[in-house]
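The values are calculated or read from the model by the stated rules, or taken from the named source; none is laboratory data. Since we're looking at a predicted model, the values are computed, not measured. Note that each Cβ is placed from the backbone with ideal geometry, even for glycine, and that neighbours are counted across all protein chains shown. These area figures cover heavy atoms from the full protein model, side chains too; ligands, DNA and RNA do not enter into them. Shrake-Rupley method; radii C 1.70, N 1.55, O 1.52, S 1.80 Å.
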Amino acid sequence: MVAYTARRLMLAIVVLIGMSLMTFYISHAIPGDPARLASGAHAKAEQVESLRVQMGLDKPLPVQYMIYMKGIISGDLGTSVSTRRPVADELKEYLPATIELSVFALIISVVAGVFFGIVSAVRRNSALDHFLRVFSLVGASIPVFWLGLLFLIFFYKQLNVLPIGGRIGIGINPPTKATGLYIIDSILSGDGIALKSSISHLVLPSITLGYSSMGVFTRMARSCVLEVLSADYIRTARAKGLKETIVVYKHALRNAILPLITLVGLQFAYLLGGTVLTETIFSWPGLGSYSVTAITNLNFPAIMGVTLTITTLFVVINLITDLCYAIADPRIVYK
Amino acid sequence: MADIKSFVKFFKNPLSVIGALIISALVMAAIFAPVLATHPPNEIVMADKLAQPSPAHYFGTDEMGRDIYSRIVYGSRISLQVGMQVVGIAISIGVFTGAVSGYYGGWIDEIIMRITDMFLAFPSMILAMAIAAALGPSLSNAVIASSITWWPWYTRMVRSQILALREAEFVEAARASGNTMFGVIIKYILPNCLSPLIVQATMDVGFAIQLTAGLSFIGLGAQPPTADWGSMLSTGRKYMLTHWWYVTFPGLFIFLVVLGFNLLGDGLRDHLDPKLKNTA
């Protein structure tokens, strides 16, 4: 187990270094001159030149990369070209919003997906099973940016019950910062108004995002439960005269849940990356919206920062998932 | 692989039939776009701007008075083309690298696998965005960006198939009868990987359309005035609260096409690979 963990950790580090090289290369291949962009349209050639030197853009690429890597290790991700603020500070502001959104989306997709999967398996080949299969396929096929717009047209414009975007109502103070997640912060500080407002802002984006990955859980839960339901010990449980609900939820689900752990990890990582379009639609102030702005402004320190942050999270989550899986199932021995 | 009985079975599943119908309709729309469209896709009639759906304009018009229905019909060409290109490029790279990786093993395999690990460690949307932005916003760059995020999946798939077949007796026999390495791979191993590849590719065409539409939506794909579903949605967003039809119809067609490829892929899986039937 220790050897396995060490090997996985080494691999994760290699992947991260490779990724940093790749993002660095990509963001430096961007056409357009960031020094000119940062110094504004009316800047003189000398001003642009001095800014270029100041930003380190006159040095050869490998040197720029080494400087950048040195910075990362000491927690410095460079300066945003458009706001002149440290990228690390900006990321710290935007990251909690993205985490809040993807965590809630994940909860929605896991809870709904697993439940539908169990129902599908228990009522196999019934009309309900077919309906749920189509329902989850629709979720995987529907473009999130379109679903988001439809939700806004319906719930904001027609019914006017939910807000159009943002994290909290205009004129409402965000809760005292502890975790950066508005819902948790407002519960901690006992701020009812902020809690209500932030929940109502979170509903549509998290359903939009969660629905897209729900189908994966439905399929997985369905096939796992089906497999377990045909096992001998289930027949024994039934033969003992146990109620069907106890057989399904206590005996079958427990054993079917294991493969779900891996999937939860994978999907969480996927949702973190998939927030880009959802955040754009709902003006959600997270890393997704931040990266779209950064790309339009050719702000490559910011692009690098976002990509590195999200991929690091991605790699770490995958690592944790694999290790959790090993702990959850004692039969698995890693070499 | 496909006898008449299983063929009939494929058409007995209503979902597969719906999928096949949607995709046939898409192909028809792409081929007969000039016949089906009621207006030229880029014809600007300012007097008709933002008109509601009516017999004159089935899906209404946009902010320049262009007919949304006709633009969607022409857009089917772009969507189909984009989906096939992305998957085509991804498969070409994936089959080659996967075959090399699986057949030779050793350090070549190790290197190729670590490279795929690296690509798979990126959330695909983020990677595609970064690449598309670096290359500059255009439809062909969006296609390249999407393909770059896609090939590792095929590499892994082909590799695992080849690992399973490498030691099979018929492969050994083929090798013993004097075929070259690549001859063995192309003539004997790859045909046996086809079923899962076809199923995956069918579904992926839909997802590739979705991904590139997403890129177009944030301005990194097709550029105006191209009649592309994703960029229509992107411009339509400004008018969504006042003119619902503008975003509703292009999005509906992206959704239907992705759904169609998914249903078709699902049906093909049952058809081509009975082993997987009840687990998926």
Original post:
Within segment A:152-185, how many residues are part of a helix (DSSP H, G or I) and open to solvent by 40 Å² or more (accessible area, probe 1.4 Å)?
Top reply: 7
Original post:
Of all the helices (runs of 4 or more DSSP H) wholly in segment B:60-153, which have at least 1 residues that are crowded, with 22+ Cβ neighbours inside 10 Å?
Top reply: B:68-104, B:124-135
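Residues are listed down the side, and each one gets a yes or a no for (1) among the hydroxyl-bearing types (Ser, Thr, Tyr); (2) more than 14 Å from every other protein chain (Cβ to nearest Cβ):
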residue	(1), (2)
A:GLU100	no, yes
A:VAL103	no, yes
A:SER109	yes, yes
A:ALA127	no, no
A:SER136	yes, no
A:ASN160	no, no
A:GLY171	no, yes
A:SER186	yes, yes
A:SER189	yes, yes
Subject >> Flag if A:ALA6 is away from chain B (no Cβ under 14 Å), open to solvent by less than 80 Å² (accessible area, probe 1.4 Å), modelled with pLDDT of 80 or more and on the phi < 0 side of the Ramachandran plot >> reply: yes
**OP:** Answer yes if at least one residue in segment B:194-201 is within 12 Å of chain A (Cβ to nearest Cβ), open to solvent by 10 Å² or more (accessible area, probe 1.4 Å) and at pLDDT 90 or above, and no otherwise.
**Re:** no
**OP:** Would you mind finding the one in A:LEU272, A:LEU266, A:LEU195, A:LEU226 that is more than 11 Å from chain B (Cβ to nearest Cβ) and either in a helix (DSSP H, G or I) or buried (at least 24 other Cβ atoms within 10 Å of the Cβ) (or both)?
**Re:** A:LEU195
Original post:
Is it fair to say B:THR212 is within 14 Å of chain A (Cβ to nearest Cβ) and among the hydroxyl-bearing types (Ser, Thr, Tyr)?
Top reply: yes
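Listed residues A:VAL316, A:VAL292; which is surrounded by fewer than 19 Cβ atoms within 10 Å (Cβ to Cβ), in a helix (DSSP H, G or I), within 11 Å of chain B (Cβ to nearest Cβ) and modelled with pLDDT of 80 or more?
Only one candidate qualifies: A:VAL316.
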**OP:** For segment A:297-309, enumerate the residues that are surrounded by fewer than 24 Cβ atoms within 10 Å (Cβ to Cβ) and within 28 Å of A:VAL203 (Cβ to Cβ).
**Re:** A:THR309
Original post:
Can you find a residue in segment A:200-216 that is open to solvent by 30 Å² or more (accessible area, probe 1.4 Å) and over 30 Å from A:PRO174 (Cβ atoms)?
Top reply: yes
Original post:
In this structure, is A:LEU263 under 14 Å from the mean Cα position of the chain (by Cα) and of a type in the set (A, V, I, L, M)?
Top reply: yes
Subject >> Sole exception among (1) under 20 Å from A:ASN297 (Cα atoms); (2) at pLDDT 75 or above; (3) not charged (D, E, K, R) for A:LEU21, by number >> reply: (1)
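I need the full set of residues from segment A:73-98 which are β-branched (Val, Ile, Thr), open to solvent by 50 Å² or more (accessible area, probe 1.4 Å) and assigned to a helix (DSSP H, G or I), in order please.
Scanning segment A:73-98 gives a single hit, A:ILE73.
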